[in-house]
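Working notes for the structure below.
The values are calculated or read from the model by the stated rules, or taken from the named source; none is laboratory data. From a predicted model like this one, the values you see are computed outputs, not experimental measurements. Quick reminder, even Gly has a Cβ in these numbers, built from the backbone with ideal geometry, and neighbours come from all protein chains shown.
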Amino acid sequence: MNAVKPQRYFYGSDPSQFADLHRPTGPQRPGVAVVVHGGFWGSMYGSDHLYAVATDLAERGWVTWNIEYRRLGNGGGYPSTLLDVAAAVDYLAVLDDVDSARVVALGHSAGGHLATWAAGRSKLPIGAPGAEPVVEITGVISLAGVVDLRTAARERIGNGAAIDFMGGEPDKRAGQYALADPLSQVPIRAAVRCVHARRDDRVPFAQSERYVAAGQAAGQDAMLLEVPGDHFSIVDTSSPTWPTVLTALEDLLG
């Protein structure tokens, strides 16, 4: 295995606006894997939650960009969190020896929402949060992702976390939801792989089902990869589900 030497970069002035770059010391695979943690957009979980994921990928030869962002209770929510994720991805363009032409974002839970949303930024109208990307995401692996934001709000998933994130319910903030909901962006150019366990008791399996069905109906390259386990085993690098994630990454980055 390659030894990993993570370096921290700040893409903004806030203490939460940083990302850790994990570079393999041996042969590097093509592209970059962007890692986006979840936690229902709140402060309970940070980028350290997916440190093992970022390390594992780098040890396997991928340059990995594990990002942090402002969260609820810490300056986050709509649109701040979206702007942070967009800025963190675009920051790849200024890093030396990083193949930002091929970028796959892996996001867990609420991070799945952010990763999939970021892949559709080129469809956003000028002036919308995150519009006009500098770096395009070419593929997404949504790991138990909240990819149907409106339904997540209406069903009070995560004790109403989507409502807290958006600052209101879909009926009262329809325009904002239209800009922040990955399902509203379908179809996007990026290939999307939704990896989800049917037994997930945090983010319903139906979230991935609806997104993939909508994507395929619109001609998008979208696939649902059902795995055993639960909400957290999906990002456990020692679990039997992890090879599914690795295979998806290999397919998307070549």
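Residue-by-condition table, conditions (1) touching an Asp or Glu at 6+ places or on another chain (Cβ under 8 Å); (2) modelled with pLDDT under 95; (3) farther than 15 Å from ALA115 by Cβ:
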site: GLY26; (1), (2), (3): no, yes, yes
site: TRP65; (1), (2), (3): yes, no, no
site: ASN74; (1), (2), (3): no, yes, yes
site: TYR91; (1), (2), (3): no, no, yes
Restricting the range 69-106 to residues that are farther than 22 Å from VAL245 by Cα and of a type in the set (Ser, Thr, Tyr), which is surrounded by the fewest Cβ atoms within 10 Å (Cβ to Cβ)? SER80
Within the range 113-129, which residues are in contact with a Gly (Cβ under 9 Å, 6 or more places away or on another chain) and farther than 16 Å from ALA101 by Cα? HIS113, LEU114, ALA115, THR116, TRP117, LEU124
Under 12 Å from the mean Cα position of the chain (by Cα) and either among the aromatic types (Phe, Trp, Tyr) or within 20 Å of LEU21 (Cβ to Cβ) (or both): which single residue out of GLY139, GLY145 fits that description? GLY139
So which of LEU179, LEU149 is within 14 Å of ARG210 (Cα to Cα), aliphatic (A, V, I, L, M) and out of contact with any Ser or Thr (no Cβ under 7 Å at 6 or more places or on another chain)? LEU149
Residues of the range 14-68 being charged (D, E, K, R), in contact (Cβ under 8 Å) with a residue 40 or more places away in the chain and more than 16 Å from LEU246 (Cα to Cα), which ones? ASP14, ASP20, ARG23, GLU68
Do you know which residues across the range 100-114 are within 21 Å of ARG23 (Cα to Cα) and either in contact with a Phe, Trp or Tyr (Cβ under 7 Å, 6 or more places away or on another chain) or not in a strand (DSSP E or B) (or both)? SER100, ALA101, ARG102
Can you pull out every residue in the range 32-46 that is of a type outside the set (Phe, Trp, Tyr) and surrounded by 21 or more Cβ atoms within 10 Å (Cβ to Cβ)? VAL32, ALA33, VAL34, VAL35, VAL36, HIS37, GLY38
Inside the range 197-231, can you point out the residues that are without any contact (Cβ under 8 Å) to a residue 40 or more places away in the chain, part of a loop (DSSP other than H, G, I, E, B) and surrounded by 16 or more Cβ atoms within 10 Å (Cβ to Cβ)? GLN220, GLY229, ASP230
Using the structure shown, decide if GLY130 is touching a Leu at 6+ places or on another chain (Cβ under 9 Å), under 13 Å from ARG193 (Cα atoms) and modelled with pLDDT of 95 or more. no
